[in-house]
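Here the structure is laid out as structure tokens; the discussion comes afterwards.
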Amino acid sequence: GKPQKVIANEVGCSQSAVSKHINRKLCGREKCGRKRCTSSRDDRSLERIVRKRPFKSVGDFHKEWTEAGVSASRATTHRRILDMGFKCRIPLVKPLLNNKQHQKRLTWAKEKQN
């Protein structure tokens, strides 16, 4: 909240230097580095796909995303999913108990009940 002249006096430089430094990030400068190959709209479409079926593999997500018209690599698809905050998930398929195991569990439960 200080005026630029006060800041310039404290730092020991000109007021114009302070002004340039303050406005440097506000100007329409381009970012450095490679441009993103996907737009925010593409990212939202991927998020919709992932939320629909969270236990699918990255390959399946990538296939569905490219069918929607987005040209991105499988690695990019995986990076976007991680950037959105999704974790890798593996569906847990639990085998059912057979009759012998069922009887053993029942006797164990009755034993513990008393």
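The values are calculated or read from the model by the stated rules, or taken from the named source; none is laboratory data. On a predicted model such as this, the values are computed, not experimentally measured, just so you know. Cβ coordinates were reconstructed from backbone atoms using ideal geometry, including for glycine residues, and neighbour counts include every protein chain displayed.
Here Glu67 meets each of (1) assigned by the TED database to the domain that holds Ser39; (2) surrounded by 10 or more Cβ atoms within 10 Å (Cβ to Cβ); (3) not hydroxyl-bearing (Ser, Thr, Tyr) with one exception, condition (2).
Listed residues Val18, Val50; which is under 27 Å from the mean Cα position of the chain (by Cα) and either over 30 Å from Val70 (Cα atoms) or modelled with pLDDT of 90 or more (or both)?
Val50
For the range 15-72, the set of residues classified as outside any loop (DSSP other than H, G, I, E, B) and either touching a residue at least 40 places away in the same chain (Cβ under 8 Å) or over 28 Å from Pro91 (Cβ atoms) (or both) consists of Gln15, Ser16, Ala17, Val18, Ser19, Lys20, His21, Ile22, Asn23, Ser40, Arg41, Asp43, listed by residue number.
Evaluate the following for Gly59: is it in contact with a helix residue (DSSP H, G or I) (Cβ under 7 Å, 6 or more places away or on another chain), of a type outside the set (Val, Ile, Thr) and exposed (fewer than 12 other Cβ atoms within 10 Å of the Cβ)? For Gly59, the condition - in contact with a helix residue (DSSP H, G or I) (Cβ under 7 Å, 6 or more places away or on another chain), of a type outside the set (Val, Ile, Thr) and exposed (fewer than 12 other Cβ atoms within 10 Å of the Cβ) - is met. Does Glu30 qualify as being at pLDDT 90 or above and of a type in the set (D, E, K, R)? No, not satisfied. No other residue among His102, His78 is farther than 30 Å from Gln4 by Cα, over 17 Å from the mean Cα position of the chain (by Cα) and not in a loop (DSSP other than H, G, I, E, B) apart from His102.
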